[in-house]
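Data first, discussion second: the structure below is written as structure tokens.
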């Protein structure tokens with residue numbers, strides 16, 4: 001027989017928690033000393049191990065109580081708990097994607113405004129099936145595979161991260177003008193990346209750019225929000241790039 005303090009030291013469970021378990025009749029001491037100190041035997045220790053095991057699996061105390069009383073449907077309970085765990089995993093994945101998106105947005109913008117944070121949260125919470133349904137209205141079935149190649153602000157893959165870096169660099173160079181050598185270098189790399197991913201799909205790129213220039217369409221398509229001034233700057237820099245390319249000045 002061991003005291004409540006000893007069982008607390010052995011298991012890491014606080015005395016307060018053990019007293020609460022006794023209060024709800026989940027784990028009752030096998031005896032008490034003359035001084036009123038709670039005593040636990042081997043059976044209580046085994047039961048506490050079961051409680052901790054089930055608790056770590058995510059079961060609630062009331063469910064554990066029923067399980068230990070052997071009146072619970074184990075099959076249904078396990079299926080229910082699996083569904084709960086999967087749901088929690090999806091929530092955590094969504095949280096992870098949102099945090100990655102905020103991190104990448106910070107890399108692009110240099111700072112996070114309240115308005116941008118709100119936009120990013122809305123972008124993250126927008127249901128995937130809603131995005132897909134809207135995209136299917138704009139793109140042919142043959143173009144849906146190309147959609148999957150788009151960089152995603154909420155991902156950490158090399159393709160997306162390079163686009164994040166390029167946009168961040170371009171933001172820093174805006175004041176130097178669309179004709180500056182550094183801006184043209186960044187635009188050149190953007191063009192190269194587009195050609196690498198969407199070779200012989202110029203019509204798709206043109207369609208994506210028209211969507212990108214519309215804030216409402218960009219939002220519905222689930223694209224990262226870029227302000228109109230920056231969009232116009234990119235378009236101006238690209239026009240200069242194309243003109244120099246045709247003139248053989250690159």
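Check whether at least one residue in the stretch 159-176 is farther than 27 Å from residue 200 by Cα and without any contact (Cβ under 8 Å) to a residue 12 or more places away in the chain, and report yes or no. Among the residues of the stretch 159-176, at least one is farther than 27 Å from residue 200 by Cα and without any contact (Cβ under 8 Å) to a residue 12 or more places away in the chain, which makes the answer yes. For residue 178, are the conditions met, namely being modelled with pLDDT of 95 or more, surrounded by 17 or more Cβ atoms within 10 Å (Cβ to Cβ) and part of a loop (DSSP other than H, G, I, E, B)? Against the criterion (modelled with pLDDT of 95 or more, surrounded by 17 or more Cβ atoms within 10 Å (Cβ to Cβ) and part of a loop (DSSP other than H, G, I, E, B)), residue 178 qualifies.
If you go through the stretch 46-67 and keep only what is touching a residue at least 40 places away in the same chain (Cβ under 8 Å) and surrounded by 15 or more Cβ atoms within 10 Å (Cβ to Cβ), you end up with 48, 65. Among the residues of the stretch 108-135, those identified as loosely packed, with under 13 Cβ neighbours inside 10 Å, modelled with pLDDT of 80 or more and not in a helix (DSSP H, G or I) are 110, 111, 113.
Being loosely packed, with under 14 Cβ neighbours inside 10 Å and farther than 18 Å from residue 132 by Cα is the filter here; which residues of the stretch 215-234 pass it? Don't jump to the end; show me each part of the working.
Within the stretch 215-234, the first condition is being loosely packed, with under 14 Cβ neighbours inside 10 Å, and the residues that meet it are 216, 227-229, 232.
Residues satisfying the conditions are 227, 228, 229, 232.
Checking each residue in the stretch 194-222 for being part of a loop (DSSP other than H, G, I, E, B) and touching a residue at least 60 places away in the same chain (Cβ under 8 Å) picks out only 222. Right, residue 185: touching a residue at least 12 places away in the same chain (Cβ under 8 Å) and under 27 Å from residue 106 (Cβ atoms) or not? So residue 185 does not fit the description; no.
Residue 94 fulfils the conditions (1) surrounded by 12 or more Cβ atoms within 10 Å (Cβ to Cβ); (2) within 30 Å of residue 203 (Cα to Cα); (3) within 19 Å of the chain's Cα centre (by Cα) except for a single criterion, (2). Counting the residues of the stretch 13-38 that are outside any loop (DSSP other than H, G, I, E, B) and under 47 Å from the mean Cα position of the chain (by Cα) gives 10.
The values are calculated or read from the model by the stated rules, or taken from the named source; none is laboratory data. All values derive from a computational prediction rather than experimental measurement. For neighbour counting, all protein chains shown are included, and Cβ atoms are generated from backbone atoms with ideal geometry for every residue, glycine included.
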